[in-house]
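To start, the structure under review is shown below, and the notes come after it.
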Amino acid sequence: MGGGSSGKGGVADANLNVVPFIDLLACTICFLLISAAWTQMARIDVDQALPKASPNKPPTPPAPEAKVNIVITPNGHLVNLWNASKIANPRPELEQVKKIATTGDFKLCRGKVAGDCTGSSAEIFKKYDYNKLRETLEGYMRDCNLEDKTKVMVAAIDSVQYMHLIRTLDIILTACKDKDKKVCLKNPSVGDVNLLRAEGFTSFD
Amino acid sequence: MSVHHPGSRAGSGVALKAIRESVVHGGGKSVFATLNVVPMIDLFTMLVIFLIQQFNASGELMLVNPNVAMPKAGANKELDRAPIVALTRWEGKDQPGDLLFENNKVVSQKDITEVKYPSWDIRELAVVLKKAWAAQQKATGPTPEKTKQLRSNRKIIIQADRTVPFSVIKMVMATCGRNEYREPNFAIMVTSGGDEGTAAATK
């Protein structure tokens, strides 16, 4: 680096000093690496199941369709397949509410990795049996040959924490009829448990 | 002047033969080797461009409140730009969190009850949502299609802490739905296995 001259005619051999440029690039790289967001965020789309604003009934009642109903309670999941007795492959027993109980507790530490944490940084959550929930949903899809357009309604008791709602929605969106994952449930609706009282749910214990 | 035993010669301590020779014998050959930094600059430049692209794609899209620990899930749909309703940590009824719209506090979660809002319409949130919708109707994009798309976007990001009870979530969803924002998107952190996959089991 550095300038210099040689020869009789005084030919200038001017080299560009690239050291400041390298410094600048190194600083930029350090800044970008430190400030970059390394955690990836995503979204789960849901439909809202709100009570209808209009009291008028539709002119022609639609043909009965199978509908997967899931209620999240503090003690586990309640699941049924409504209208299972009125579809092409009738399975009336699936209209009965199936209980999937929680299997214990687990602890999460706020702002720390899992391990020893106490006080307000420790949070205890119920452990839901999501594998069994997935098996149940996939069983419904196979037994009744459900399509991916099948309606799915998720409701929760007021005290249920948001984490369990998200995890349940995640399981629904990954429950598929086949191993190739070509026909999977999608577009679940989220609403209040009272909307399910007319669809086989008499209690939410 | 007394005679001393001669000490070591200048340059004898230099390890490299070429340099020792140049020091001792005045240097017949130049040993000035320049480092070729051009490939390094190329590499640095590519790295900077890559990092800036990554930063542009994901960074600054969503500000995460430090009191919001979002739940983990395996979903992989990318977040779009939309208004953000945040619900901070719920530490019991004595210490409920807040409801924030675009990082500004709107109401405490303690007040979000069916007793206060029997029709599930949180008035304070409804006011800010109406303002946001009105502002959105004045937005303009680079093309007429983009402008139309911007103005008809009914998505709203619900960024809630994992501890927030469903009673609050359902009322926030209902309020957003009644005030033009009918497509709620739940923001999550991408991790396969969910939160319990990173937890230690308790006895």
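Laid out as a table, the results:
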item	result
Percent of beta bridges antiparallel (DSSP, segment A:67-199, rounded to nearest 5)	65
Segment A:Ser159-A:Lys181, length gained on full extension (0.36 nm per residue, minus Cα span)	4.6 nm
Shielding score for A:104-111, defined as the mean number of other chain Cβ atoms within 10 Å	5
Potential lengthening between A:Thr103 and A:Val19 on full extension [0.36 nm per residue; Cα-Cα distance subtracted]	24.0 nm
Estimated FRET transfer efficiency when R0 is 25 angstrom, pair B:Lys110-A:Ala122 (beta carbons, to 0.05)	0.65
Difference of contour (0.36 nm per residue) and Cα-Cα distance, B:Ser192 to B:Gln95	31.8 nm
Cα→Cβ-extended label distance, 7 Å offset, between A:Asp205 and A:Lys149, nm	4.0
Net charge of Cβ neighbours under 9 Å - reference A:Thr102; Lys, Arg +1; Asp, Glu -1	0
Calculated FRET value between B:Lys148 and B:Ile52, using beta carbons and R₀ = 22 Å, to 0.05	0.10
Solvent-accessible area buried by pairing A with B, both sides, nearest 100 square angstrom, 1.4 angstrom probe	5100
Kirkwood hydrodynamic radius of segment A:67-199, Cα pairs, Å	15.8
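The values are calculated or read from the model by the stated rules, or taken from the named source; none is laboratory data. Just so you know, these numbers come straight off a predicted model, no measurement behind them. Methodologically, a virtual Cβ is constructed for each residue, glycine included, from the backbone with ideal geometry; neighbour enumeration extends over all protein chains shown. The accessibility values were calculated without ligands, DNA or RNA, using every heavy atom of the protein model including side chains. Shrake-Rupley method; radii C 1.70, N 1.55, O 1.52, S 1.80 Å.
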